[in-house]
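Asker: Structure below; questions to follow.
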Amino acid sequence: MNRIELTRNLFIKSALKNRHPQLAVFIVMLAGYVFAILAGLIGTPVGSHNFSIVFVWIAWWAILILVAVPFFGRGWCAVCPIPLPGEWLQRGAVLHPLDKKPKWLNLRWPRALRNIWLQNIAFLLLALFSSVLLTTPTITAIVLAAMLFTAIGLSMVFERRAFCRYLCPVGGFIGLYSQTAPLELRIKDKQTCVTCDGKPCYNGASTSLSANSGYGCPWDVFPGGLTRNTYCGLCMECLRTCPHDNIAVNLRPFSADLAKPSARLDEAFKAFIMLGSAMIYAGVLLGPWGALKDAAFYVGTSAWIIYAAVFLGIIFIILPGLFSLALFLAHRPSLKACLGRSRGVGRGTGLRTFAMFSASLIPLGLMFWVAFSLSFVLTNAAYILVSLSDPLGLGWNLFGTADVAWRPIFTSLLAPAQTLALVGGLIWSARMAQKAADESKISAIPVMAYCFAATVVMLWLLL
Amino acid sequence: MIRFISLVVLFAAGLAVAFAPLPAPSIAPQARTLRIDARQFAYSPSELKVNLGDTVTVQLVSTDVVHGLYVDGYDVSVEADPGQTATLTFVADRSGSFRFRCNVTCGAMHPFMIGKITVEKNDLLFRSVGLATLAVIGVFPLSSLLVERKDRALAK
């Protein structure tokens, strides 16, 4: 596949290697993050007029899901402020590594938890309370603060960015969808990594040892073995550390990582969690059914308990169950014969096939989120201007935009854009399913039918 | 070649599904008055259906706090004080399905206080499902074409 190495450009390379531009962005992000926490705690309780709600769930979310994830993969993780204070404390430094490191526990993350199940659970916990979280500034502030302090706490106990890698509810789905992005960080030559002494990209190189001083991969990834974007946080530490100039940032075709999908169940279920959540949110938040909104909002009531049970049932039983049925049908000899594949024996059955084929849902899920977010963001974007001038809802008018009247923007383009996103996602996923089916010598039709059915439901919910 | 022709035919069919004009409705337009009760954070009824060309009068009755009603695509709105009825009249001259939503901050779930009005038929939904069907069918010739191209490139 064709790739263009961006780091061949000296300006790009030096901008990425230099710690100062990244630090400048980090500081702005951290200041915004802390301000969002404060605004949530001391600002107006009216969500649509509070910086914490408007800038986190409208502005940031729009940038994340419509731009950052589809085009830059884990680009957001490269500038995310959440791990910063913990990482600075862990390293005892803000910029370059020191010879003398602070004596924190520096434990390895438990082997049994080296997967994204905790991230799945964390996302689902937030998802079940999302109606309250998205609309109540205090709750948003508490969640933001909890994430910050959890990241700090974990940095004191465990090595590297344990929070980002194993617990962050946002990082899990960014990692999943980053596989579709046209950007990657990879090594240039495998043999160079094999013969490299000390593997500074993974273990770090302090100032006294190397001119290329830097930290070992904060994401606990050996760049020499990188084949997918999922766990590479694009922090650029390996680019700084590699003594052989063997790290490249490449432009590549979309969804290149999905050519050889993962067979991990935690990642497979992440695909179902994201697909199902987008559909549920489209129905509950953007649909016309008041009873559903009440059930989702009034946490703790019997209606909410039923809502939570249905939410989890759709994600853990209905969607994977129907997908398993599709895979079962895909293995039927009659369907394979239909496609002239009766000669080959279907390879891989059971959980491995389930996990591998679920990767074909990744583009569809991403486009479901794009379509959902378009509606949510374009409808509420006017609040960004208001909140910019009056972030705490205290009657300020800093930039003269506090009195901008609410009005949805681009409403005539919304539905066609959603259709394009959903149909585009369907084509993308159907193509992925067909590739996987060709590899496994089974029929792609049932999985394509599954994707089609899910798309029709989403179209019905959004249009 | 057959695969290429199939793709062209499917593309043309897609254009027809997306843009072909539909027959005009035969039902004569009439004046309709619809009463909508608004409460935190729902309308009742929340789904309305009218015919193309109808003159629609919405009587918005707020049962708790101040609520509004803004119709996407028509860009018309009305606000009702608690216990009061406010009236909004517009001509439903665009077919399709449109969200209507509260335009007065009315509480936590205000951004999601939404209803739906369908004028004639939800054409876009039917067209979109048609496009999705053609898209799935089109993946077969598209994949074969891509594989052929890849094989040719490898052979060279």
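Asker: Once every DSSP H run of n ≥ 4 in chain A is given -39500 (n - 2.57) and the sum is divided by its residues, what mean residue ellipticity at 222 nm do you get, rounded to the nearest 500 deg cm²/dmol?
Answerer: Roughly -17000 deg cm²/dmol at 222 nm, from the helical runs in chain A.
Asker: Further question on the same structure: Taking the Cβ of B:Ala18 as the centre, find all other residues whose Cβ is under 13 Å away and add up their charges (Lys, Arg: +1; Asp, Glu: -1).
Answerer: Spelling it out: positives minus negatives among the neighbours equals 0.
Asker: With charges set only on the Cβ (+1 for Lys and Arg, -1 for Asp and Glu), what does the dipole of the range B:31-119 come to about its Cα centre, in debye to the nearest 20?
Answerer: My answer is approximately 220 debye.
Asker: For B:Ser143, what is the net charge nearby, where nearby means another residue's Cβ is under 10 Å from its Cβ and Lys, Arg count +1, Asp, Glu -1?
Answerer: So the surrounding residues net to +1.
Asker: Less than 14 Å Cβ to Cβ from A:Gly86, Lys/Arg counted +1 and Asp/Glu -1: what total charge do the surrounding residues give?
Answerer: Every neighbour counted, the sum reads +2.
Asker: Straight-line reach from B:Lys121: which lysines have a Cα under 25 Å away, not including same-chain ones fewer than 8 places off?
Answerer: Correct list for B:Lys121: B:Lys49.
Asker: Quick one: order B:Met1, A:Met356, A:Met156 from most to least accessible surface, probe 1.4 Å.
Answerer: So the residues, ranked largest to smallest area, are B:Met1, A:Met356, A:Met156.
Asker: Continuing with this model, one more query. Run the 1.4 Å probe and let me know the accessible area of A:Thr150, rounded to the nearest 10 Å².
Answerer: We get 50 Å² for A:Thr150.
Asker: If you don't mind, another one. Counting partner chain Cβ atoms within 10 Å of every residue's Cβ in B:34-45, what's the average?
Answerer: Taking all residues of B:34-45 together, the mean is 2.
Asker: So in the range B:31-119, what percent of DSSP beta bridges are antiparallel if you round to the nearest 5?
Answerer: 65
Asker: Follow-up. If DNA, RNA and ligands are ignored and the probe is 1.4 Å, what is the ranking of B:Asp93, A:Asp294 by accessible area, most exposed first?
Answerer: B:Asp93, A:Asp294
Asker: Moving on. Could you tell me which of rounded, prolate or oblate describes the protein assembly as shown, using a ≥ b ≥ c as the square roots of the eigenvalues of the alpha-carbon gyration tensor, with rounded for a/c under 1.5 and, failing that, prolate when a/b is larger than b/c and oblate otherwise?
Answerer: oblate
Asker: Which percent, to the nearest 5, of DSSP beta bridges fully inside chain B are antiparallel?
Answerer: The antiparallel fraction comes to roughly 65 percent.
Asker: Need one word for the range A:360-463: rounded, prolate or oblate. Basis is the Cα gyration tensor (sqrt eigenvalues a ≥ b ≥ c); a/c below 1.5 gives rounded, then a/b vs b/c decides.
Answerer: Judged from the Cα gyration tensor, the range A:360-463 comes out prolate (a/c at least 1.5, a/b above b/c).
Asker: Determine how large the accessible area of A:His49 is when every protein chain is in place; take a 1.4 Å probe and give Å² rounded to the nearest 10.
Answerer: Rounded to the nearest 10, the figure is 60 Å².
Asker: Total accessible area buried between chains A and B, 1.4 Å probe, in Å² to the nearest 100?
Answerer: Between A and B, the summed buried area is about 3400 Å².
Asker: For the protein assembly as shown, give the percent of accessible area contributed by carbon and sulfur heavy atoms, probe 1.4 Å, rounded to a whole number.
Answerer: For the protein assembly as shown, the apolar C and S fraction of the accessible surface comes to 68 percent.
Asker: Next question, about the same structure. Do any chymotrypsin sites (Phe, Trp or Tyr not before Pro) in the range A:366-404 lie in a DSSP loop with no more than 14 other beta carbon atoms within 10 Å, and if so, which?
Answerer: Hits after loop and neighbour filter: A:Trp396, A:Phe399.
Asker: Mean separation of Cα pairs under 8 Å and 6+ residues apart, divided by the residue count of chain A: what relative contact order is that in percent?
Answerer: Over chain A, the number comes to 19 percent.
Asker: Then there is this: In what order, largest first, do A:Arg240, A:Arg3 sit by accessible area if the probe radius is 1.4 Å?
Answerer: A:Arg3, A:Arg240
Asker: If ligands, DNA and RNA are left out, what is the accessible area of A:Val404 with a 1.4 Å probe, given in Å² to the nearest 10?
Answerer: Approximately 60 Å² for this residue.
Asker: Same structure again: How much length is gained if the chain between A:Leu113 and A:Arg407 is pulled fully straight, taking 0.36 nm per residue apart and subtracting their Cα-Cα distance, in nm to one decimal?
Answerer: Stretched out fully, the A:Leu113 to A:Arg407 stretch lengthens by 101.2 nm.
Asker: OK, next. If you take every DSSP beta bridge whose two residues both sit in the protein assembly as shown, what share of them, in percent to the nearest 5, is antiparallel?
Answerer: Here the antiparallel bridges make up roughly 70 percent for the protein assembly as shown.
Asker: Oh, and also: How large is the accessible surface per residue of chain A, computed with a 1.4 Å probe and reported in Å² as a whole number?
Answerer: 41
Asker: Something else about it: Counting heavy atoms of the protein chains only and a 1.4 Å probe, report the per residue accessible area for the range B:31-119 as a whole number of Å².
Answerer: On a per-residue basis, 37 Å².
Asker: Another question, then. Structure shown: which of A:Lys260/A:Lys435; A:Lys435/B:Lys150; A:Lys13/A:Lys190; A:Lys17/A:Lys190; A:Lys13/A:Lys188; A:Lys270/A:Lys293 lie over 18 Å apart, alpha-carbon to alpha-carbon?
Answerer: In this structure, A:Lys13/A:Lys190; A:Lys17/A:Lys190; A:Lys270/A:Lys293 exceed 18 Å between Cα atoms.
The values are calculated or read from the model by the stated rules, or taken from the named source; none is laboratory data. These figures come from a predicted structure and were not determined experimentally. FYI the Cβ positions are ideal-geometry reconstructions off the backbone, even for glycines, and counts take in every protein chain you see. Calculation scope for accessible area: heavy atoms of the full protein, side chains included, ligands and nucleic acids excluded. Shrake-Rupley method; radii C 1.70, N 1.55, O 1.52, S 1.80 Å.
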